[in-house]
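*Asks:* Shown below is the structure under consideration.
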């Protein structure tokens, strides 16, 4: 009998995709909800760093974090949903916190890299994407 803990093969790629989506999507829902529920305060905290205005910037960040976070958590259009998150974290890391020390921008960097992992891994079989593929 082989010891599964010592094998190099994944125990379950689909389970790993589910856990990653739940954690990653849940964290973004949390951060997005904070911005959505404190919208007026966010307008005073954000800057127009990409030249589209403060209000559209906050709305796009809320869309990426909260709504795309929900989609990723559910596994609904996962690869498409993670693209706005990637862009938001790219801007946060390289533009909004570009001159800050790494300790300040470590979380956007981690989220940026994890969004790439979610994109490559996809939603897995425990997702709405997989359920719609079966029925479609």
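The values are calculated or read from the model by the stated rules, or taken from the named source; none is laboratory data. Keep in mind the model is a prediction, meaning the values are calculated, not measured. All Cβ positions, glycine included, derive from the backbone under ideal geometry; neighbour counts span all protein chains shown.
*Asks:* Quickly run through the stretch 95-115 and pick out the residues that are over 19 Å from residue 47 (Cβ atoms) and free of Cβ contacts under 8 Å to residues at least 24 places away in the same chain.
*Replies:* Step one: filter the stretch 95-115 for residues over 19 Å from residue 47 (Cβ atoms), giving 102-103, 106, 109-115.
Scanning the stretch 95-115 gives 102, 103, 106, 109, 110, 113.
*Asks:* Output the helices (runs of 4 or more DSSP H) that fall wholly within the stretch 1-104 and possess 3 or more residues being within 20 Å of the chain's Cα centre (by Cα) and either modelled with pLDDT of 95 or more or surrounded by fewer than 19 Cβ atoms within 10 Å (Cβ to Cβ) (or both), or say none. Before the answer, list the steps.
*Replies:* Values: elements: 13-37, 39-45, 54-62, 68-74, 78-91.
Qualifying helices (runs of 4 or more DSSP H): 13-37, 54-62, 68-74, 78-91.
*Asks:* Let me ask another. Quick one: which of 128, 112 is under 18 Å from residue 21 (Cβ atoms) and within 10 Å of the chain's Cα centre (by Cα)? Give the derivation first.
*Replies:* On the way: 128 fails: within 10 Å of the chain's Cα centre (by Cα).
Answer to the check: 112.
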